[in-house]
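Taking it in order: structure first as structure tokens, then the write-up.
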Amino acid sequence: GAGVSQSPSNKVTEKGKDVELRCDPISGHTALYWYRQSLGQGLEFLIYFQGNSAPDKSGLPSDRFSAERTGGSVSTLTIQRTQQEDSAVYLCASRQWTGMNTEAFFGQGTRLTVV
Amino acid sequence: AQKITQTQPGMFVQEKEAVTLDCTYDTSDQSYGLFWYKQPSSGEMIFLIYQGSYDEQNATEGRYSLNFQKARKSANLVISASQLGDSAMYFCAMRETASKLTFGTGTRLQVTL
């Protein structure tokens with residue numbers, strides 16, 4: 001596809017279960033970001049991948065959150081032992097690494113509801 | 001300290017009028033980029049406009065322009081001739097050298113008849 005693809009679009013899970021959220025970036029984009037957006041709020045940075053560099057994990061809220069990016073393309077965000085406060089929209093974005101002025105393209109997000 | 005500050009949680013503007021959405025930023029880098037995104041109620045994030053720290057001219061894209069005042073560290077978005085479809089959340093964001101993209105808390109714009 002031409003854009004950033006995220007799956008699933010919606011996920012309802014029980015408290016305490018693990019969930020995996022997937023992001024397929026635009027082909028050729030070497031930078032990939034994950035953000036969390038709670039209802040009516042701004043975008044909270046979670047993690048940033050850039051090529052083969054070590055990811056910037058400074059935004060992950062707890063050790064229940066982890067992410068990986070395989071082969072420099074697809075990324076998976078994993079939340080272990082989900083809590084109700086994890087309910088939010090999780091947004092993924094990708095960008096070409098060709099300079100400061102290239103914008104990030106966002107996926108449609110995964111709406112996670114923990115019940 | 002907040003990297004990006006948007007002090008207007010909500011704004012109203014009448015159709016066909018111009019509106020300015022405020023954004024100030026904090027960085028010690030010399031090279032950085034500033035972005036504005038629009039998020040309609042559908043939830044998608046739409047890129048609007050970019051301003052580089054070394055750009056001498058204010059960026060413009062159609063009805064959007066960026067009032068960049070480097071010394072004051074502000075990058076306000078100006079929307080001219082507002083339309084009903086401009087009603088949305090607007091986010092200012094900054095990318096410092098080889099770094100993540102940091103967003104402000106957003107401004108909700110409501111365009112009225």
Could you tell me which residue of region A:29-59 is nearest to the other protein chains (Cβ to nearest Cβ), considering only residues that are among the hydroxyl-bearing types (S, T, Y) and without any contact (Cβ under 8 Å) to a residue 40 or more places away in the chain? A:Y48
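Listed here are the residues, each with its yes/no results for (1) over 27 Å from B:T97 (Cβ atoms); (2) over 11 Å from the mean Cα position of the chain (by Cα).
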position	(1), (2)
A:A2	yes, yes
A:T13	yes, yes
A:P25	no, no
A:A54	no, yes
A:L60	no, no
A:R64	yes, yes
A:T76	yes, no
A:Q83	yes, yes
Would you mind stating whether B:L77 is more than 11 Å from chain A (Cβ to nearest Cβ) and surrounded by 20 or more Cβ atoms within 10 Å (Cβ to Cβ)? yes
Would you check which residues across region B:97-113 are more than 9 Å from chain A (Cβ to nearest Cβ) and either touching an Asp or Glu at 6+ places or on another chain (Cβ under 8 Å) or charged (D, E, K, R) (or both) and list them? B:T107, B:L109, B:V111, B:T112, B:L113
Go through region B:80-113 and report how many residues are in a strand (DSSP E or B) and either within 15 Å of B:F35 (Cβ to Cβ) or open to solvent by less than 60 Å² (accessible area, probe 1.4 Å) (or both). 16
Test of understanding: among A:L91, A:L21, which residue is touching a Phe, Trp or Tyr at 6+ places or on another chain (Cβ under 6 Å), at pLDDT 95 or above and closer than 24 Å to B:A88 by Cα? A:L91
Scan B:F68, B:F12 and give me the residue that is over 19 Å from A:N101 (Cβ atoms), open to solvent by 10 Å² or more (accessible area, probe 1.4 Å), part of a strand (DSSP E or B) and among the aromatic types (F, W, Y). B:F12
Under the condition of being touching a strand residue (DSSP E or B) at 6+ places or on another chain (Cβ under 6 Å) and part of a strand (DSSP E or B), which residue from region B:53-65 is surrounded by the fewest Cβ atoms within 10 Å (Cβ to Cβ)? B:E61
Looking only at residues that are open to solvent by 60 Å² or more (accessible area, probe 1.4 Å) and among the polar types (S, T, N, Q) in region B:25-52, which one is nearest to the chain's Cα centre (by Cα)? B:S41
For region A:27-36, what are the residues that are at pLDDT 95 or above and open to solvent by 20 Å² or more (accessible area, probe 1.4 Å)? A:R36
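The values are calculated or read from the model by the stated rules, or taken from the named source; none is laboratory data. Owing to the predicted nature of the structure, the values given are computational and were not obtained by experimental measurement. Please note: Cβ atoms are built from the backbone with ideal geometry, for glycine as well, and neighbour counts cover all protein chains shown. Please note that ligands, DNA and RNA were not included when accessible areas were found on the heavy atoms of the full protein model with its side chains. Shrake-Rupley method; radii C 1.70, N 1.55, O 1.52, S 1.80 Å.
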